[in-house]
Every structure is written in structure tokens, then in C-alpha cells.
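Have a look at the structure below, then the notes.
The values are calculated or read from the model by the stated rules, or taken from the named source; none is laboratory data. As the structure is a prediction and not an experimental result, all values here were calculated from the model. Virtual Cβ from ideal backbone geometry, glycine too; neighbours counted across all protein chains shown. SASA here: full protein model, heavy atoms, side chains in, ligands and nucleic acids out. Shrake-Rupley method; radii C 1.70, N 1.55, O 1.52, S 1.80 Å.
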Amino acid sequence: MNSRITRREWIAGAAIGAAGAPGCRFSRPVAQNVRPSTVTIVRATAYDQKVYAKVRSMFESHRLDVRGRSVVLKPNLVEFEPGSSINTNPLLVHAAYEAFREMGAASVRIAEGPGHRRDTLDLAEAAGYFKTVPGFEDNFIDLNVDDSTRIHPARQFSRLEKFYLPNSVLGADLLVSMAKMKTHHWTGATLSMKNLFGVVPSGIYGWPKNVLHWAGIHECIADLHAAFPRQFAIVDGIVGMEGNGPIQGSAKNVGVLVAGKDPIAVDATCCRIMQIDPLRIGYLQLAGGEARLAERNIVQAEESIAAVSTPFELIPQLRDFRLRQS
Amino acid sequence: MSLDRLAHYQNSDGGWPYRRGASWTEPTAYAVLALLAAGESEKSRRGIAWLLKMRRKDGGWPACAGVDESGWTTALVAMLPPDILGPDVHHDAIEWLLGETGEESSWVYRLRAYLSGSPPPPEQSAPGWPWVPGAAAWVGPTSLALLALNRQMTRSGAPTPRIQKRLAEGRRFLLNRMCRSGGWNHGSVNALGYPADAYPETTGMALTALRGLRARQIEGSVGLAARFLAECRSADAFNWLRLGLAAHGALPVEYRPPEQIQFRTVPEIAIDMLISAQAL
């Protein structure tokens, strides 16, 4: 079946969706038969040794079978400011690395392609990855300069008909998006799906990967989501970022890890924890549609959203994104 | 020593990877420049043959094999001497560069901005170069394009009006994109009204491209670059900061990077060699 949306379908969908959800240009109706996704919320108040057991437990609860498989961990590594909460904490990445090794993965690699800074290893060192992850350099892939292949995503949302993507990620049996829970001054929130911007090679697209901005940030996030069907998402919400994220915001103690096999459901859940309306996030609307974002279609395991929810400060331009309590 | 390391990294197809894997245009161009500066001929000849094989019909170069569009790496190849690359090939590369501007400089974009009642911000008043066609201009590719055009101007002695025009525009672009601190980041002066910080490597790149420019702002940039040089640990940043400071006569003659700096990638090794040979 050709699942590509034609321009006519898109315009019609956008028009109907806009009528249903005023103010969100990405709204569109989708098939309502949605298989619920499970998202796990676990409390974790600090980056300490307890995180290792919690991460392992989360993977097991989702019955991830990685025996003999190749796994790529994709943290969010943007810039380094001492004392800031911009990047995925290296201890969480190491916990995932250890868990997958113990679960029998044939290979576990850590991979990232920062969009602003060229010296990826220096950035990783400054962010504490060398210190926290033994043998980091041997297990790390700089996606900005990894050998790449031209692909056409399974579903096309942006005007980009093709992407050049790194072979290390395309060839992985499982891509684990390990994002930071942050506000984003353009998209509202940056979570596991937006984190995939980091797989796009800057060696081809540049620093920043500005082509994606011109083609539509939301649309390109949805494209990239479609390009990687074998994903798991785990969001670092132990300390997130609020306000003018994703770089200049303030640290926000949330004390949670959020994980699941469906990045759309994970990100929608994170939004609710942040008290941001997931229906206002363009890329979630595009990739998931309202039905998949609905709370009734997401099974929450362990903690409930209500138990951990805390309002993230929003910049004035995003005030309308605030989740209204029912 | 560095020559041996560069030789070790060369792929069997004649090109160079960043560290391992397939050949890319950026490391190959830098490696060839460094080898030529060191007087090596055989390996550089094979590198040039790889570059010529990668050349696209429009006169530009893609980032690597399999990419079907010319982009920012064309500026690096255009830094090679015309007699080595071939006069016509080199001419076409310069022409490709002269014809490329950021999308925000296009008349369509400007008309749309005018009609929508949101005129472009002042920092968009001068055109620069994008990483790839169809996107906005940024500090990195603009700096590299200026370096290539500067070389061309020096070689020819009498630059064409088009080259002079683009050099002037490119310099204005960089000055417009200077951060409040006096340095440069990738090209965003502020984010939603908040001043953005400069990066060491892009500050060095921009200063290198602005060689010979006498402007009051540059003094502050040189001071910042010197502070960056004393603090940062990145080989890429060290390379560009040394080049940038040297371009403005502010790098101590005997300066050497601290021992702990690791030159890990082919561009880092090659640029370090070019600095030693004073050839970039």
C-alpha cells in the first residue's frame, strides 16, 4: 500500500483538521482504529547508581529482545555549558549501554551528530561522556561524518523527497532515541522524535542542518520518524529544561524517566508531564494524528501522569501550548 | 610524522575519509592541500584524481559520493591551485561559488518578506553562502568561500568585479553575524531576542576569512580568539583560532598547541600541517 500523502490529501486533511482544532495548522484526521501503546513512567530523582536498575527494568517491561542484535543509542548532545541541562546525561546513556549488553545485544554503539558544533568528540568529552562511559571513543560514531545512503522515507511529510542518512543507524536492528525533556522555542517541545534531527549528517547538510528548517521542522521530524521503523524511546526527565529551550532555558527538576516502543506515545506522554498540550505540537499531529495522541489510547505503566506532572515554564510565544486541565 | 599519518588514512580509491570509511570531499581537499604544501606528489596526485572524479556537471562538488548535489565543499576544492586542478575545472568551481547565495538573499524570499510585512532583519542585509543550495547562508560556508575567493584574487592579481563584489558582501555578512561578545557561532546572533554565544572554531574561521580587513570590531574579535585559544581543548578550534589570529598578526610566532590536544580527524591533521607550512 502506498501510504504517501498526496498534496491534495494533505490540503484537505489540514483544512478539516484545522476546523477541529483551531490554531494548530498541523491537525489532521486519521484512521481512528488505534492500537494502544504502552508508555512507562519511572521516578528517578538523581543521576545515581539506581538509574542502572531502573533502565534495565524498563527495557525488560517492554520485552525488548536484543539478543544477537545491533543497537544504536542516540543521545541528545547539543552544546556544552557547565551546569546546564542541555544534553542527555551520560550516566543514563551508560545505564542503557550496560543494560543492552547484559541483555545479549551483539553490539551497542553510541551515536550522535550535533547540529551546531563540528568537533563532536570534544563536545562529548566536555559533556562528561568520556569520563562516564568506559571506552567511549571506541563505541562512539560521529553521525555527521558517517558513511551515508540516500533513502526515501516510508511516508513523506516535507517537500524533501530524499534524505541522506548514516549507514550505522540505517543498519541498526534497534535505534534508541535518548532525548532530554526540554521545551523548544520553535516546536514547543523537543523529545525523542525531534532528537532524530541528530542523525542527519552535517557533513552533507551543514552545521546547522538548515535544509530541514527550510523544508519545515515539523514535517522533517515526521519524515525522520517514518524513516526509522525499529525504534525505542527513553526520555531523560530526571532534570529537564524549561523556558527558552533547547539551549538557553533553565534546568527543571522533574525526576522521571519515560520510555516506550512508540516514540509518538512517549512524546505525547512527556508533553502531558510538562503540562504542554501534545495536540499543539505540529510533528506529533503530523506523525500520529489526534487519535494516537489521545490519552485513552496510551497505556501508562508504573507512575501515572498526574503523579509526576509539573508545569514547564513556557516562553510567551508558546503560551497557547499550555495543557488545559479537564 | 603528520605526513605519515595522512598517508596512512588515504583510501584505495585515492580519497580520504574523516577518520575511517568512505572518502569525502572535505578531508580529501585538505589532505591534498597539505601534501602539496609538503612537496609530496604521488599521493596528492591520486587525491586530485579522486576529486576530479567527484566533480559534478555544474562545476561544483558534492560532500561525498552518492550525494547528487554540489555544496559547500566546492570552496575547499577551489582553494587548490588551478594548474593542479586544471584551469577550466578551477574556473568552473569559482563560477559555481560566485553564483551561490543563501536563500534569504533571493528576490523571492525578500518579496515574500516585504509582502508579509516582516522585513528581513539587518543581519540579512548582505548575502553569504549556504552549506547546500536552497538553505540560508551561514558563517562556516561563507568563511570558506571567502578563503577560496581571496586565494583566487591573490593568484590573479586583478580580481574581476564579480569576485570583488562577492568578497565585499561576504565580509559584510560576517561582520553582520558577529555575536555581542565579538566572536562568531554558526551564524545566529541571537535566539528569540536573547544574545547567542560565540564558538571558538567559528570565531577562528571568520577571522581567517577576514584577513586584511581593518575594522574596529575586529580588535575585540582578536582578543576573544586569544582567550578561546588559552581555554579550549578541541583540535579543530585550535587550528582555526591559530589561523584566525595569524591572519591578524596576533599569534605568537613560537606558539604550539598544548600536548593534550588530539588531532583525530584527517582535516584536523591536514590543517595543522598547513599551519606549520604557513600555507592556508
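Highest-first packing order for the peptide set B:224-231, B:69-76, B:190-197, A:297-304 is B:69-76, B:224-231, A:297-304, B:190-197, based on the mean count of other beta carbon atoms within 10 Å. Averaged over the residues of peptide B:190-198, the number of Cβ atoms from other protein chains lying within 10 Å of each residue's Cβ is 3. Take each residue of peptide A:115-125, count the partner chain Cβ atoms within 10 Å of its Cβ, and average: the result is 6. Calculated [222 nm] ellipticity per residue, helices only, for the protein assembly as shown: -12000 deg cm²/dmol; basis is -39500 (n - 2.57) per DSSP H run with n ≥ 4, divided by all residues, nearest 500. Averaged over the residues of peptide A:141-148, the number of Cβ atoms from other protein chains lying within 10 Å of each residue's Cβ is 5. Whole angstrom only: what separates the Cα centroid of the stretch A:34-79 from the Cα centroid of the stretch B:58-106? Result: 45 Å between the Cα centres. Antiparallel beta bridges, as assigned by DSSP with both residues in the protein assembly as shown, represent about 55 percent of the total such bridges.
So if we plug the beta-carbon distance of B:ALA7 and A:ASP173 into 1/(1 + (r/R0)^6) with R0 = 30 Å, what FRET efficiency do we get, rounded to 0.05? The calculated FRET efficiency here is 0.25. Where in the stretch B:229-248 does accessible area fall by at least 30 Å² between the isolated chain and the complete protein assembly, at a 1.4 Å probe radius? In the stretch B:229-248, residues shielded by partner chains: B:ARG233, B:SER234, B:ASP236. Spin-label model, A:GLU81 to A:SER57: label points 7 Å out along the Cα-to-beta-carbon direction sit 3.4 nm apart. Between A:ASN33 and A:ARG319, how high is the FRET efficiency from 1/(1 + (r/R0)^6) when r is the Cβ-Cβ distance and R₀ = 30 Å? Nearest 0.05. Computed FRET efficiency for A:ASN33 and A:ARG319 comes out at 0.30. Expressed to the nearest 5 percent, the antiparallel share of DSSP beta bridges inside chain A is 50 percent. Simple spin-label estimate for B:LEU52 and B:MET153 gives 3.0 nm between the two label positions (7 Å along the Cα-to-Cβ direction from each Cα). Across the stretch B:220-232, coupling constants 3J(HN,Hα) worked out from phi with the 6.51/-1.76/1.60 Karplus curve, θ = phi - 60°, read x, 5, 5, x, 5, 4, 5, 5, 4, 4, 6, 10, 7 Hz, and Gly and Pro carry x.
If the segment from B:SER276 to B:GLU103 were pulled out straight at 0.36 nm per residue, it would be longer than the present Cα-Cα gap by 58.6 nm.
One decimal place: the segment B:GLU231-B:ARG180 gains 16.4 nm when fully extended, by the rule 0.36 nm per residue minus the C-alpha distance. Debye-formula intensities of the stretch B:2-196, expressed as log10 I(q)/I(0) at q = 0.08, 0.10, 0.14, 0.15 Å⁻¹, are -0.30, -0.46, -0.84, -0.94 (one equal scatterer per alpha-carbon, no solvent). For the pair A:ASN139 and B:THR160, a Förster radius of 56 Å applied to the C-beta separation gives a FRET efficiency near 0.65, rounded to the nearest 0.05. Summarising the amide proton neighbourhood of A:ASN253: residues at separation of 5 or more, or on other chains, whose placed amide H is nearer than 5 Å comprise A:GLY240. Remark: spin-label model distance B:TYR194-A:GLU98 equals 3.3 nm, labels positioned 7 Å along the Cα→Cβ axis. Grouping the Cα pair distances of chain A into 10 Å bins from zero gives a pair-distance distribution of 6, 28, 38, 23, 4, 0 percent in increasing distance order. Converting phi to 3J(HN,Hα) with the Karplus coefficients 6.51, -1.76 and 1.60 and the offset θ = phi - 60°, the stretch A:98-114 yields 5, 4, 5, 5, 5, 7, x, 4, 5, 8, 10, 10, 9, 9, 7, x, x Hz in sequence order, with x at every glycine or proline. A simple charge model with +1 on the Cβ of Lys and Arg, -1 on the Cβ of Asp and Glu and nothing else charged puts the dipole of the stretch B:2-196 at about 320 debye relative to its Cα centre.
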